[in-house]
Amino acid sequence: MAASDRMVLGPLVGSIDQGTSSTRFLVFNAKTAELLSHHQVEIQQKFPKEGWVEQDPKEILKSVHECVEKTCEKLQQLNIDITNIKAIGVSNQRETTVVWDKTTGEPLYNAIVWLDLRTRSTVERLLERIPGKNKAFFKFRTGLPLSTYFSAVKLRWLLDNVEEIRQAVDDGRAMFGTIDSWLIWVCICGKNGGVHCTDVTNASRTMLFNIHSLEWDPELCQFFDIPMEILPKVRSSSEIYGLMKICPSLKSGALTGVPISGCLGDQSAALVGQMCFQDGQAKNTYGTGCFLLCNTGQKSVFSEHGLLTTIAYKLGRDKPVFYALEGSVAIAGAVVRWLRDNLGIVKTSQEVEKLAAEVGTSYGCYFVPAFSGLYAPYWEPSARGIICGLTQFTNKNHIAFAALEAVCFQTREILDAINKDCGVPLNQLQVDGGMTNNKLLMQLQSDILCIPVVKPSMPETTALGAAMAAGAAEGVGIWSLNPGDLTAVTCERFEPQINPEESEFRYARWKKAVMKSMGWETSEAPSNG
């Protein structure tokens with residue numbers, strides 16, 4: 001095909017969206033924000049012991065290569081000239097921890113995923129050194145409670161338990177990063193001079209970062225006994241980090257030399273993609289977990305109700321930093337995957353909606369999927385999953401319905417906390433993420449919250465946010481973030497359809513079930529690993 005036959009669309013932006021359960025590469029039109037093409041690959045999660053969750057960093061990297069390649073092939077089939085891809089953004093699962101050897105480019109251990117619970121004893125040991133064993137001791141510096149969730153304790157575990165990592169640190173060969181750092185380092189030259197960096201949003205999830213000074217905190221690094229020389233350089237979420245060297249195998253070599261110029265943790269990326277740039281705007285993303293973020297503007301707000309304070313974004317080297325309150329739920333889409341892979345009651349995730357719709361009720365059955373303990377607003381690592389209210393009448397349809405309801409009840413708990421902390425109740429909830437394709441779930445969510453739920457017709461807001469940051473970066477300048485230039489988004493609305501009394505009754509029963517899930521696991525239990 002002659003180059004002249006190719007469709008001319010103006011500048012395009014690519015987006016690597018590396019999530020917990022899959023990797024995607026998506027390409028957007030920078031002028032219209034239209035999604036032109038994408039490819040997705042599911043990622044294997046490894047569970048070597050009870051409570052452990054790992055992924056292979058090389059498999060993650062391979063999935064990125066595959067997604068880039070397949071998306072570019074699809075664009076070429078659509079007659080779209082891939083040399084118009086002028087920038088690439090990265091969004092990633094946060095907290096997941098990788099340590100690699102900078103001389104060989106090889107990971108020194110599997111990535112420890114954010115959901116992983118192996119660090120419970122590490123957390124307890126660290127708590128012994130804190131006055132009054134106060135989990136919130138570092139809250140005003142980091143925005144976070146001491147928990148298995150964040151990267152510092154995962155890195156501490158690796159240093160304590162993996163001889164190769166200790167040796168690499170001693171030899172000056174080790175590099176630490178969250179998934180964004182690993183991908184950017186490899187994609188920009190790798191062992192031949194790769195750029196070792198992260199952005200402020202990902203750094204704010206490590207528990208080593210001061211969210212006010214926007215620097216690694218020497219006292220925190222000392223407390224966790226982490227050598228500062230293995231940490232990446234912290235940059236803004238929107239600037240040119242370096243040029244892509246990822247795709248020599250692409251016949252056109254198209255993306256070689258394209259700047260990687262946007263980087264946001266996935267939940268921050270979704271906030272940007274939903275255009276929640278105003279103080280008080282919020283979004284809820286339904287992925288493996290569920291994450292409700294509310295923009296609090298240029299001031300950090302500290303929660304009295306179990307929420308995290310996190311960095312929302314910093315869209316340029318000289319631009320101000322914006323903060324958010326976040327409610328984090330560990331298990332949302334993961335409960336559907338569990339029904340599919342562990343119980344085998346469905347063959348595909350889509351079947352859960354069908355099963356649940358056939359009964360339209362959980363028939364008094366409640367499912368608390370505390371597989372990794374409870375996150376916000378409880379921060380209770382001792383909790384475990386329970387299904388209660390079972391009778392002889394209960395069947396797999398009711399359990400499927402209860403699983404979907406659980407996602408909605410957990411969101412309600414976070415929304416209540418955000419409303420209390422902000423003082424101004426949200427009058428609607430903007431939603432995105434893979435699970436929002438489930439219409440029954442979205443209607444249930446509106447019923448349980450008693451407010452409308454609003455879903456953009458293009459649900460890939462995480463990838464869109466990273467693309468916006470990349471396209472708007474200084475030196476790229478092909479995507480305007482001025483409020484007047486942002487394209488209006490068409491949406492689907494779900495209005496509450498049950499009376500508030502019924503909603504409150506069901507919510508109260510849910511809370512009773514949550515109480516029964518707590519205090520289940522103790523660290524003294526004999527290990528069978």
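Residues being aliphatic (A, V, I, L, M), in a helix (DSSP H, G or I) and open to solvent by less than 10 Å² (accessible area, probe 1.4 Å) are represented in the stretch 389-402 by at least one member. Scanning the stretch 3-24 for residues that are open to solvent by less than 50 Å² (accessible area, probe 1.4 Å) and among the aliphatic types (A, V, I, L, M), we see that the one that is modelled with the lowest pLDDT is Leu9.
Of the residues making up the stretch 25-38, just one is charged (D, E, K, R) and either open to solvent by less than 10 Å² (accessible area, probe 1.4 Å) or over 15 Å from Ala470 (Cβ atoms) (or both), namely Glu34.
Residues are listed down the side, and each one gets a yes or a no for (1) touching an Asp or Glu at 6+ places or on another chain (Cβ under 6 Å); (2) open to solvent by 40 Å² or more (accessible area, probe 1.4 Å); (3) within 30 Å of Lys31 (Cα to Cα):
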residue	(1), (2), (3)
Ile85	no, no, yes
Leu117	no, no, no
Arg120	no, yes, no
Glu124	no, yes, no
Gly132	no, yes, no
Leu146	no, no, no
Ser151	yes, no, no
Lys154	no, no, no
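Of the numbered criteria (1) open to solvent by less than 40 Å² (accessible area, probe 1.4 Å); (2) modelled with pLDDT of 90 or more, the one Met244 fails is (2). The single residue among Lys511, Lys455 that is out of contact with any Leu (no Cβ under 9 Å at 6 or more places or on another chain) and over 30 Å from Thr71 (Cβ atoms) turns out to be Lys511. Yes or no: the stretch 195-211 includes at least one residue that is surrounded by fewer than 24 Cβ atoms within 10 Å (Cβ to Cβ), without any contact (Cβ under 8 Å) to a residue 40 or more places away in the chain and at negative phi. Taking every residue of the stretch 195-211 in turn, none turns out to be surrounded by fewer than 24 Cβ atoms within 10 Å (Cβ to Cβ), without any contact (Cβ under 8 Å) to a residue 40 or more places away in the chain and at negative phi. When you look at Val514, is it out of contact with any Gly (no Cβ under 7 Å at 6 or more places or on another chain), assigned to a loop (DSSP other than H, G, I, E, B) and hydrophobic (A, V, I, L, M, F, W, C), yes or no? No: the conditions fail for Val514.
Out of all the residues in the stretch 41-63, is one or more free of Cβ contacts under 8 Å to residues at least 24 places away in the same chain, open to solvent by 60 Å² or more (accessible area, probe 1.4 Å) and either in contact with a helix residue (DSSP H, G or I) (Cβ under 8 Å, 6 or more places away or on another chain) or aromatic (Phe, Trp, Tyr) (or both)? The answer is yes, given that some residue of the stretch 41-63 is free of Cβ contacts under 8 Å to residues at least 24 places away in the same chain, open to solvent by 60 Å² or more (accessible area, probe 1.4 Å) and either in contact with a helix residue (DSSP H, G or I) (Cβ under 8 Å, 6 or more places away or on another chain) or aromatic (Phe, Trp, Tyr) (or both). Here is a check on your reading of the model: is Leu108 more than 30 Å from Lys31 (Cα to Cα), open to solvent by less than 10 Å² (accessible area, probe 1.4 Å) and in contact with a strand residue (DSSP E or B) (Cβ under 8 Å, 6 or more places away or on another chain)? Answer is no for this residue.
What about Ala383, is it surrounded by 21 or more Cβ atoms within 10 Å (Cβ to Cβ), of a type outside the set (D, E, K, R) and in a loop (DSSP other than H, G, I, E, B)? Yes. If I filter the stretch 329-344 for residues that are of a type outside the set (S, T, N, Q), part of a strand (DSSP E or B) and under 21 Å from the mean Cα position of the chain (by Cα), do I get at least one hit? Yes.
Just one of the listed residues (Thr296, Thr288) is closer than 21 Å to Pro483 by Cβ, of a type in the set (Ser, Thr, Tyr), in contact (Cβ under 8 Å) with a residue 24 or more places away in the chain and open to solvent by less than 30 Å² (accessible area, probe 1.4 Å), and it is Thr296. The residues listed here are Leu390, Leu415; of these, the one that is touching a residue at least 60 places away in the same chain (Cβ under 8 Å) and not hydroxyl-bearing (Ser, Thr, Tyr) is Leu415. Listed by first and then second residue, the pairs with beta-carbon distance under 8 Å, at least 6 apart or on different chains, first residue in the stretch 67-79 and in contact (Cβ under 8 Å) with a residue 40 or more places away in the chain, second assigned to a helix (DSSP H, G or I) and surrounded by fewer than 18 Cβ atoms within 10 Å (Cβ to Cβ), are Asn79/Asp5. The set of residues from the stretch 403-445 being of a type in the set (Gly, Ala, Ser), open to solvent by 40 Å² or more (accessible area, probe 1.4 Å) and under 22 Å from Ser22 (Cβ atoms) comprises just one member, Gly434.
Of all residues in the stretch 261-285, exactly one satisfies the criterion of being free of Cβ contacts under 8 Å to residues at least 24 places away in the same chain and either closer than 16 Å to Gln428 by Cβ or buried (at least 23 other Cβ atoms within 10 Å of the Cβ) (or both), namely Gln278.
The values are calculated or read from the model by the stated rules, or taken from the named source; none is laboratory data. These numbers were taken from a predicted model, which means no experiment stands behind them. Methodologically, a virtual Cβ is constructed for each residue, glycine included, from the backbone with ideal geometry; neighbour enumeration extends over all protein chains shown. Please note that ligands, DNA and RNA were not included when accessible areas were found on the heavy atoms of the full protein model with its side chains. Shrake-Rupley method; radii C 1.70, N 1.55, O 1.52, S 1.80 Å.
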